[in-house]
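A.B. asks: Below: one structure in structure tokens.
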Amino acid sequence: MISIRFSPKTVVLTLSLVLVTWISRAADESPKKTLFLPKSPVAAAYVLARLSNKELIEAPRSEFVYVALIQRAGLDRKYRLEALEGLAKVRGTDTLSELIVAMSDLDQKGEESIPVLRELIVLLVQIPSTDLTRKRANLETLATQSQLPLGRQAGYAALLTSDRAIQSMLQSVESDSAKYEDLILSVSLLRDPALRGGFYSILQPLITKTDADQLRRAAITAIVAVPGHESEVFTALATLVKAGIERAVTVDSIQRIPRKFWSKEQSGPLLSHLMTSLKEMPDDQRTGPEATSQFQLASDLLLLLPQESSKEAAKALRAVGVSVFVLRTVHEQMIYDKTLLVVEAGKPVEIILMNEDTMPHNLVIVTPGSAEVIGKAAEKMGAESDAQGRTYVPDSDKIFQATKMIEAGQQGKLSFMAPSEPGEYTYLCTFPGHSIRMQGTLVIVKDVEAYLASRSLIAEPKVTEWTPSDFTGLLDKSSATRNLAGGKENFTKLACVQCHKLGQEGAAYGPELTDALKRMKMDRASLLTEILEPSKVIGDRYKNYSFELTNGDELAGMIMKEDAESLTVQTGPSDALIQTLKKTQIKKREPQTSSLMPMGLLNLLSKEQVLDLIGYIEAGGKLSDHSHAH
């Protein structure tokens, strides 16, 4: 225990004077600042806690500053990595040891530290198993003695990552229900899909276990993180909801299952149950978390019903619910899962963006008619954050609402009052290269029912997962028979034009397409295969690399030029995303096996539209006089 030999009043006054002196100097002096910290860890923490994030980042590095950087919420990952390395040098240890110590310290601070603890868990489970094995005793302490459930779960996730011995780990905790529950909940923290997959046979019987409510809730939460059994899990969880068993946790878990695995046969009965539950709920509870979650699930289930049934159910649902929308990004397709949201003018709205893709996305709502202007402005921006911590969001009065950039697996939320006047606003992702393809419409109306009745319920776009075999025998005809104007239109809508040069259109980020078929000896089937399976063959010039820099930053992009001392890397289709790195700045680089071109690019097109697009590429971007519509 550290004691400070001053009265509390004297300590506060002294530390406040130190803090004020440093901040006033920081405002007037050059970036080289001096921060006088007390020798006591408690007193130093008091001073540092009163610095803003910007002031803390700029503070001269020391052991106390490194600790503060690790524990401070809202900082970029690179500062935590820098601090872990700094502490390891100061204390003569290693970064893994310091990471475990930091997690233990945060655990002692209670629930307020959970957001930062989650960030550190991501770092922990990415560490190679051989390194984790050397710290097994420390990880066991984390798993068994942490106060916060999340801390214990992190310990178990690290132990599983280290030795991959699922059965022996289960046997070690089976006599202690609390430890067993923590182990089950750690499944969702595991990074390796194969390791998560090994838990299915364990979790499946637990979700119906009637003599252990806590364990059953843990299994319901964890089982949706197990790959390969999504359809069976949806059916099992839907059955639980309809039976009124663990409704709150089960509804939340269902929403984490990709919608393509949802059963249409189960959707109608499940929706009816949710509607009954919402109607029976007291009015003052209909804006609470449980009601909101049920309303979100019910809204998504509407999309699986026949059009007429969906229309009637939507009207009934709006009568009992609140205007909450959940937007999801579709994995590796660079689209939102909904392209139309209809809200009542002047009413509160909440939109939750869940990023289920592998790349970052945001949600920016812009005033009517300004999507193209905002998209182009974002293309020219660097990656600097604005005052609200948002990147690639132009400073414009045409921006109505915008989230921060949401990383893969994370979610963001917009809560706002809908405009009082009707209008059609556009929502889009402004990450460079995404804005043309990732768009939808937020319609503001006086009467939602009248609007939907006037145009019927808008059906979700038909999604077809095309394969090369679907076009066998259809690629023999030349471009002369195709609707080239339609091909050109989709070349733009699909954002191909943002990455590929075709005739006089497009950008030279990806491969040149003007003479692509000539290079492929007029093999249209091979061209289509490369579009449908973009990661099958990747030329060396267009291979994507991930880079880990010495300052803790990470980036991914294509290498445009390399010499003995530097690399020129382009991380997106905008010229603003080209940067030159000294090789001394690069800690590690690794080639990626996946293409930058998204999969499922053609999934929203009909078969005729796909053929028109191939025809337009074959024509080199030229429209012939005989171009016609089908």
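The values are calculated or read from the model by the stated rules, or taken from the named source; none is laboratory data. It should be emphasised that the depicted structure is a prediction, and the values quoted were computed from it without experimental measurement. Note that each Cβ is placed from the backbone with ideal geometry, even for glycine, and that neighbours are counted across all protein chains shown.
A.B. asks: Just need a number here: residues in the range 384-425 that are touching a residue at least 40 places away in the same chain (Cβ under 8 Å) and among the hydrophobic types (A, V, I, L, M, F, W, C).
C.D. replies: Total satisfying the criteria: 8.
A.B. asks: Let me ask another. Could you please find all residues in the range 496-538 being part of a loop (DSSP other than H, G, I, E, B), under 31 Å from the mean Cα position of the chain (by Cα) and of a type in the set (Ser, Thr, Tyr)?
C.D. replies: TYR509, SER535
A.B. asks: Turning to a different aspect of this structure: From ALA137, ALA165, grab the single residue that is over 22 Å from PHE199 (Cα atoms) and without any contact (Cβ under 8 Å) to a residue 12 or more places away in the chain. Spell out the reasoning first.
C.D. replies: Numbers: ALA165 fails: over 22 Å from PHE199 (Cα atoms).
It is ALA137.
A.B. asks: Quick check on the range 504-537: of everything there that is among the β-branched types (Val, Ile, Thr) and at pLDDT 85 or above, which residue is farthest from GLY600 (Cα to Cα)? Steps first, please.
C.D. replies: At the first step, the residues of the range 504-537 found to be among the β-branched types (Val, Ile, Thr) are 514, 529, 531, 537.
Then drop every residue that is not at pLDDT 85 or above, which leaves 514, 529, 531.
Details: THR514: 22, THR529: 12, ILE531: 9 Å.
Going through the qualifying residues, I end up with THR514.
A.B. asks: Another question about this same structure. May I ask you to say which residue of LEU132, LEU123 is touching a Ser or Thr at 6+ places or on another chain (Cβ under 7 Å) and hydrophobic (A, V, I, L, M, F, W, C)? Break it down stepwise before answering.
C.D. replies: Working: LEU123 fails: touching a Ser or Thr at 6+ places or on another chain (Cβ under 7 Å).
Exactly one of LEU132, LEU123 is touching a Ser or Thr at 6+ places or on another chain (Cβ under 7 Å) and hydrophobic (A, V, I, L, M, F, W, C), namely LEU132.
A.B. asks: Quick one: which residue in PRO368, PRO394 is touching a Gly at 6+ places or on another chain (Cβ under 8 Å) and either at pLDDT 85 or above or basic (Lys, Arg) (or both)? Can you show your working first?
C.D. replies: Values: PRO394 fails: touching a Gly at 6+ places or on another chain (Cβ under 8 Å).
Exactly one residue qualifies, and that residue is PRO368.
A.B. asks: Could you check how many residues of the range 222-267 are touching a residue at least 40 places away in the same chain (Cβ under 8 Å), in a loop (DSSP other than H, G, I, E, B) and farther than 21 Å from SER309 by Cα?
C.D. replies: Total satisfying the criteria: 2.
A.B. asks: Condition check: touching a helix residue (DSSP H, G or I) at 6+ places or on another chain (Cβ under 9 Å) and not assigned by TED's automatic domain parsing to the domain that holds SER574. Does LYS347 satisfy that?
C.D. replies: Working: touching a helix residue (DSSP H, G or I) at 6+ places or on another chain (Cβ under 9 Å): no; not assigned by TED's automatic domain parsing to the domain that holds SER574: yes.
For LYS347, the condition - touching a helix residue (DSSP H, G or I) at 6+ places or on another chain (Cβ under 9 Å) and not assigned by TED's automatic domain parsing to the domain that holds SER574 - is not met.
A.B. asks: Quick one: is LEU613 assigned to a loop (DSSP other than H, G, I, E, B), surrounded by 15 or more Cβ atoms within 10 Å (Cβ to Cβ), in contact with a helix residue (DSSP H, G or I) (Cβ under 8 Å, 6 or more places away or on another chain) and not β-branched (Val, Ile, Thr)?
C.D. replies: Values: assigned to a loop (DSSP other than H, G, I, E, B): no; surrounded by 15 or more Cβ atoms within 10 Å (Cβ to Cβ): yes; in contact with a helix residue (DSSP H, G or I) (Cβ under 8 Å, 6 or more places away or on another chain): yes; not β-branched (Val, Ile, Thr): yes.
Considered against the rule, which asks whether it is assigned to a loop (DSSP other than H, G, I, E, B), surrounded by 15 or more Cβ atoms within 10 Å (Cβ to Cβ), in contact with a helix residue (DSSP H, G or I) (Cβ under 8 Å, 6 or more places away or on another chain) and not β-branched (Val, Ile, Thr), LEU613 comes out as no.
A.B. asks: Residue pairs, Cβ under 6 Å, 6 or more apart or interchain, first in the range 67-82 and farther than 17 Å from THR95 by Cβ and not assigned by TED's automatic domain parsing to the domain that holds ASP105, second of a type in the set (Val, Ile, Thr) and assigned to a helix (DSSP H, G or I). List them.
C.D. replies: Short answer, once both residue conditions are applied: ALA73/VAL116.
A.B. asks: Would you check which residues across the range 550-577 are surrounded by fewer than 16 Cβ atoms within 10 Å (Cβ to Cβ), in a strand (DSSP E or B) and more than 21 Å from the chain's Cα centre (by Cα) and list them?
C.D. replies: MET560, LYS561, GLU562, SER566, THR568
A.B. asks: If a residue must be aliphatic (A, V, I, L, M) and assigned to a loop (DSSP other than H, G, I, E, B), how many such residues does the range 200-221 contain?
C.D. replies: Of the range 200-221, the ones aliphatic (A, V, I, L, M) are 202-203, 206-207, 212, 215, 218-220.
Those still in the list that are assigned to a loop (DSSP other than H, G, I, E, B) too: 207, 212.
Here the count works out to 2.
A.B. asks: Quick check on the range 319-326. Is at least one of its residues surrounded by fewer than 19 Cβ atoms within 10 Å (Cβ to Cβ), within 21 Å of GLY440 (Cβ to Cβ) and modelled with pLDDT under 85?
C.D. replies: yes
A.B. asks: Please work out which one of (1) in a helix (DSSP H, G or I); (2) in contact with an Asp or Glu (Cβ under 9 Å, 6 or more places away or on another chain) is the condition ASP357 fails and give its number.
C.D. replies: Looking at each condition in turn, ASP357 falls short on (1).
A.B. asks: Could I ask something else about it? Examine the range 270-279 for a residue that is in contact (Cβ under 8 Å) with a residue 12 or more places away in the chain, farther than 15 Å from ALA238 by Cβ and outside the structural domain of TYR427 (by TED's automatic domain parsing), and state whether such a residue exists. So that I can check it myself, show each step before the final result.
C.D. replies: Just the residues of the range 270-279 that are in contact (Cβ under 8 Å) with a residue 12 or more places away in the chain, to begin with: 270-271, 273-275, 277-279.
Remaining after also requiring farther than 15 Å from ALA238 by Cβ: 278-279.
Checking which are outside the structural domain of TYR427 (by TED's automatic domain parsing) leaves us with 278-279.
Checked against the condition, which is being in contact (Cβ under 8 Å) with a residue 12 or more places away in the chain, farther than 15 Å from ALA238 by Cβ and outside the structural domain of TYR427 (by TED's automatic domain parsing), the range 270-279 yields at least one hit.
A.B. asks: So, one more: Which of the residues spanning the range 140-162 are in a loop (DSSP other than H, G, I, E, B), exposed (fewer than 15 other Cβ atoms within 10 Å of the Cβ) and either hydroxyl-bearing (Ser, Thr, Tyr) or free of Cβ contacts under 8 Å to residues at least 24 places away in the same chain (or both)?
C.D. replies: None; the set is empty.
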